[in-house]
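Remarks on the structure that follows.
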């Protein structure tokens, strides 16, 4: 059995990638931006979409669609700039969501399927939220090995069981 987690002090910055609702811990988010021009980087890892000039600071941008093995869209819906172990990184997403803060304690769903980027799944009133493990995600994104992208974390079903 998975213990309940107190989430009153935390929340998740949410965004859409394809048909999935994903999120990262609010404490890891530096800022959220509208689409910005990116400078391509020759010989970069496939998931590195380019570099972003963030008020004079150069920040790498990771395209989550590429990392999840999806077709890349011609234009991004926004950027979520997160704090990683090596500094700031921008995540290129399809659409920006909002901040979700569940009330009280919750028991995260045991997904047990070994998705490499999923930290936990949180049931929300209208759908399920897949919270990403930022450290594992960035580690894979900057891996230069020429291998197939890892399987995309499957978005959770839109309805909760019993509905």
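The values are calculated or read from the model by the stated rules, or taken from the named source; none is laboratory data. Given the structure is predicted, the values throughout are model-derived calculations rather than measurements. Ideal geometry is used to build each Cβ from the backbone, glycine not excepted, and the neighbour counts take in all protein chains shown.
From the set of residues in the stretch 48-63 that are touching a helix residue (DSSP H, G or I) at 6+ places or on another chain (Cβ under 8 Å) and touching a residue at least 60 places away in the same chain (Cβ under 8 Å), which is farthest from residue 16 (Cα to Cα)? So that I can check it myself, show each step before the final result.
Here is the first cut: in the stretch 48-63, the ones touching a helix residue (DSSP H, G or I) at 6+ places or on another chain (Cβ under 8 Å) are 48-49, 62.
After this cut, where a residue has to be touching a residue at least 60 places away in the same chain (Cβ under 8 Å) as well, the list is 48, 62.
Numbers: 48: 19, 62: 15 Å.
Among those residues, the one meeting the criterion is 48.
When residues of the stretch 79-107 are filtered for being on the phi > 0 side of the Ramachandran plot and not in a loop (DSSP other than H, G, I, E, B), how many remain?
First, pick out the residues of the stretch 79-107 that are on the phi > 0 side of the Ramachandran plot: 87, 104.
Among the residues that remain, those that are also not in a loop (DSSP other than H, G, I, E, B) are: 87.
Residues in the stretch 79-107 being on the phi > 0 side of the Ramachandran plot and not in a loop (DSSP other than H, G, I, E, B): 1 in total.
For the stretch 100-107, state whether one or more residues are modelled with pLDDT under 95 and under 15 Å from residue 137 (Cβ atoms).
no
Restricting attention to the stretch 20-47, and to residues there that are crowded, with 21+ Cβ neighbours inside 10 Å and touching a helix residue (DSSP H, G or I) at 6+ places or on another chain (Cβ under 7 Å), which single residue is farthest from residue 92 (Cα to Cα)?
The qualifying residue farthest from residue 92 (Cα to Cα) is 24.
With respect to residue 19, determine if the residue is at pLDDT below 95, farther than 14 Å from residue 137 by Cβ and under 16 Å from the mean Cα position of the chain (by Cα).
Numbers: at pLDDT below 95: yes; farther than 14 Å from residue 137 by Cβ: yes; under 16 Å from the mean Cα position of the chain (by Cα): yes.
Considered against the rule, which asks whether it is at pLDDT below 95, farther than 14 Å from residue 137 by Cβ and under 16 Å from the mean Cα position of the chain (by Cα), residue 19 comes out as yes.
Going through the stretch 18-42 one residue at a time, which ones are in contact (Cβ under 8 Å) with a residue 60 or more places away in the chain and not in a strand (DSSP E or B)? Before the answer, list the steps.
Narrowing the stretch 18-42 to residues in contact (Cβ under 8 Å) with a residue 60 or more places away in the chain: 18-26, 28, 32.
The answer is 18, 19, 26, 28.
Being at pLDDT below 90 and touching a helix residue (DSSP H, G or I) at 6+ places or on another chain (Cβ under 6 Å) is true for just one of 134, 72. Which residue is that?
Numbers: 134 fails: at pLDDT below 90.
None of the others qualify; the one that does is 72.
So residue 10 clears everything in (1) in contact with a helix residue (DSSP H, G or I) (Cβ under 8 Å, 6 or more places away or on another chain); (2) modelled with pLDDT of 95 or more except one condition, right? Which one?
The failed condition is (2).
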